Amino acid sequence: MGNGDLISRRQLFCCVYLSMVVEMLIKPFSRPVDLPAQVLIPAAAVNLLLLWLVLTPLGAARSGAVARAGGTLPGRMVLVLMAATLLLSGGGTLNEANGFLSFTGDWQLSFFWFLPLVLALVYYAVRLGIEGVARVSGVVFVLFLLSIGVVVISNLREMRLQNLAVEAQPFMDTAKAVGQGFSFSPALLAGIVLSEKTQRGRGPRLAHLLAALFATYFVFTMVSELVLGGFATAQRQPVYTLARIGGLSVFRRLDSLHSSIWLMALVLKLVVEGAAVELLLRRLLPARWQKYGVALTAGLTGAAGLLFHFSFPTGLRRWLTAAGVLAVLLLALVSRKEKKRV
Amino acid sequence: MRRHAALLAALSLCLALTGCWQPVSLAERAVVKMICVSLHGEQYEVKLAAYVAADGDAESQGESKTVFAEGRGDAVRTALLDAQEGIQQQAFYAQNELLLVEEQAARSRLQEILTYFSEERSSRPNMAVFAYRAEEEEQLLDKENIEKTVENLEKMKNGDSVRGGLTQMIYRFDLKGERQDFFLLPRLQAGEEGAVETDRLLFLRGGREVLSLKGEEKTLAELLLGGAESYQYQNGEDSCTVSDLRTAFSVSAQGTPQLSVRLSGEVRDAPAGCAPEALESSVERRLEETFSSLYQKCYLEQELDPFQFGWWFETRDARRYGALLREKKLFGEDTLSFDAVITVDP
């Protein structure tokens, strides 16, 4: 493997960060936020700490964990679980992206046009390889940060300190929010799989990733509440509402600009998860089938997307969280066992 | 590098997915600039004022004319669709910043109307909402002055108007009533040749108007709500402007818990020959008397907290605030004090 086939830890950080952060922004199936920032922010901190605890067992074993797991039958079963989780997440993301497009767009693009268009893009990007995707992620990362910066700056005039709700006893609500809000993004599984493509097989620094996610969540939640106050409770997508409110100078509305960047990040998430599935399939499929890995990834993602289009499972995030946590713990177990054996 | 560029180009497809498909030229659009909503019996009545290209084609060189349309329906949406039938062009709502609700409709259906517009994708959540009296509708939608009226209302919304006062945007309303159980709505008064100003602040709760502020009380309320930055003092022939107005809050450390509100400001255009001390005390007295009557009406009679004094109280002393709240003594005669400190710059 030449250096041209490797990606840097920073590039992988951009891929995983964007894939995870876009889930916070685009939430067409989630309930409106009905808790104040005072509760949501500490709850997010606890949830990220829990996530860190879940990923800790994998810690030292992470380097080469997927490769080691591919060598044994139980390990291969774990890889199947990871691939299935990523595929189902891809199906959900396809529907979320289409839902977001319908919610924000002036005209409605049929899912049956949207699906082949996006799948063709995913197929092409996965075929190019994760290296190309990783390089593009840097550009999308910068665009995304600019977008968030513009959302904040364009809403500065609208912020009101009194919109911040104060709860004298926030502990019960925080505990409830921790229970309801914990989720394990399958993008983390993609990060684990794709870390094989980095030098020395090390993925992005977990502490940095979680800190960046927390900082982003903090900004979203605070700005939403400072601007929208009680109005936020009626909003399905508060951050998008902020994008619709904020204007700069003569540009009274900038939401189309933001939504195109967010949609890019959403498609990037699909590609990152697709690239991870393709790598997993390489370990799972017999050698003569491996050349169909990319087509199989796109086909299965499309099938999941189509299935969810007709019947979207309301508890998908919970199922993906359970499957993701289980996969990480099993991978850590199998990998450690294999490491000891060797 | 080529891969990189190709993938970036492919991702840019997302730009095409966000609305650049099937473009509608400006000449084919009717740019809605003002929506008036009223009730006709049990039905909603909607009136639209929209700008269209003057001669209806792309050669209009940027000139526009105003078209009007009206429609009725059982819901705001159906009334709007009915109104759209009266316009040849495609109605475009994304530029509209003004929503005017007739007083009676506002009293009984404001929540329903605002909920519709807050959920409607094609409209803006930062539309300014005003109430108006039915008898003023004709003047507000007067063909001769509509462009001036819209311009003045937009100036008022954006804080560019001298007589601005408070404007309420849709996203300032707590539609689910989780933090505030009332709506506060400024009422418009139309003047000659498109002039507009707000003459009242209406407080609506439970489908009825519980309080209406005007004159000095309205002005002070707007100051406390952040809708104005200066105060015009008038006493007979003498007048001056109090500017640099600031509000400070504190809670007494001992004894009966009390929130102290202090309004400070400066007069820079004192009338010639006027003693600064006399002017200071006269402005202060006026503000304190007005506040006293405002507090009586809002807090003691109606138990409304439009100025969020409760929030300031809680953030400064949560424990004593909680105790007062439990005992239902939060806003009484002695739990709040107000004083004005005005300095005159000679």
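Read the figures in this text as sums done on the coordinates, not as results from a lab. Bear in mind the structure is a predicted one, so any value in this text is a computation, not a measurement. All Cβ positions, glycine included, derive from the backbone under ideal geometry; neighbour counts span all protein chains shown.
Normalise the Cα radius of gyration of segment A:244-342 by 2.2 N^0.38 Å (N = residues in it) and let me know the number.
Compactness ratio reported: 1.57.
Given +1 at the Cβ of Lys and Arg, -1 at the Cβ of Asp and Glu and no other charges, the dipole of chain A around its Cα centre is 1240 debye to the nearest 20. Multiplying the residue separation of B:GLN104 and B:ALA75 by 0.36 nm and removing their Cα-Cα distance gives an extension gain of 8.8 nm.
Put in line by how crowded their Cβ is, counting other Cβ atoms within 10 Å and starting with the fewest, A:HIS208, B:HIS4 read A:HIS208, B:HIS4.
In a simple Cβ point-charge model (Lys, Arg +1; Asp, Glu -1; nothing else charged), chain B has a dipole of about 1680 debye relative to its Cα centre.
Put in order of Cβ neighbour count within 10 Å, fewest first, the listed residues A:TRP262, A:TRP113, B:TRP311 become A:TRP113, B:TRP311, A:TRP262. Sparsely packed loop sites in segment B:213-321 (the trypsin sites (Lys or Arg not before Pro) outside DSSP H, G, I, E and B with at most 15 other Cβ atoms within 10 Å) comprise B:LYS214, B:ARG268. Of the cross-linked pairs A:LYS176/B:LYS297; A:LYS269/A:LYS291; A:LYS176/A:LYS339; B:LYS148/B:LYS297; A:LYS269/A:LYS339, those separated by over 28 Å at the C-alpha level are A:LYS176/B:LYS297; A:LYS176/A:LYS339; B:LYS148/B:LYS297; A:LYS269/A:LYS339. Only DSSP H runs of four or more residues enter the estimate; each adds -39500 (n - 2.57), and after division by the residues of the protein assembly as shown the mean residue ellipticity at 222 nm equals -16500 deg cm²/dmol. Spin-label model, A:LEU109/A:VAL166: points 7 Å from Cα along the beta carbon direction are separated by 4.7 nm. Note that chain B carries a Kirkwood radius of 23.1 Å, evaluated over its alpha carbons pair by pair.
With only Cα atoms counted, segment B:222-344 has Rg and Dmax values of 16.0, 53 Å.
With charges set only on the Cβ (+1 for Lys and Arg, -1 for Asp and Glu), what does the dipole of the protein assembly as shown come to about its Cα centre, in debye to the nearest 20?
6240
Across segment B:209-321, Cα pairs under 8 Å and at least six residues apart give a relative contact order of 25 percent.
Taking other C-beta atoms within 10 angstrom as a stand-in for reagent exposure, A:HIS309, B:HIS40 fall in the order B:HIS40, A:HIS309, fewest first. For chain A, the calculated P(r), taken from all Cα-Cα distances in 20 Å bins from zero up to the bin holding the longest distance, is 31, 58, 11, 0 percent. Kirkwood radius, segment B:83-175, all distinct C-alpha pairs, inverse of mean reciprocal distance: 14.4 Å.
In terms of overall dimensions, the protein assembly as shown has a Cα radius of gyration and Dmax of 29.6, 101 angstrom.
When chain A is described by a simple charge dipole with +1 on each Lys and Arg Cβ and -1 on each Asp and Glu Cβ, the residue from A:VAL193, A:TRP289, A:HIS258 located farthest towards its positive end is A:TRP289.
Placing unit charges on the Cβ atoms of the charged side chains and taking the dipole of chain B about its Cα centre, the candidate lying farthest along the positive direction among B:PRO186, B:LEU304, B:CYS36 is B:LEU304. Under the combined filter of DSSP loop state and at most 11 neighbouring Cβ atoms within 10 Å, segment A:140-218 retains none of its GluC sites (Glu not before Pro). Annotation: the antiparallel percentage among DSSP beta bridges lying fully within the protein assembly as shown is about 70. Only Cα sites of segment B:24-213 enter the Debye sum here, all with the same form factor; the resulting log10 I(q)/I(0) across q = 0.09, 0.14, 0.16 1/Å is -0.31, -0.76, -0.99, listed in q order. Once C-alpha pairs closer than 8 Å and six or more residues apart are averaged by separation and normalised to the residue number of segment B:41-123, the relative contact order reads 24 percent.
Placing dummy labels 7 Å off each Cα toward the beta-carbon, the span from B:THR343 to B:GLU178 is 4.3 nm.
Taking every residue in A:176-185 and counting other chain Cβ atoms within 10 Å of its Cβ, the average works out to 0.
Our summary gives chain A a relative contact order of 43 percent, counting only alpha carbon pairs under 8 angstrom and 6 or more residues apart.
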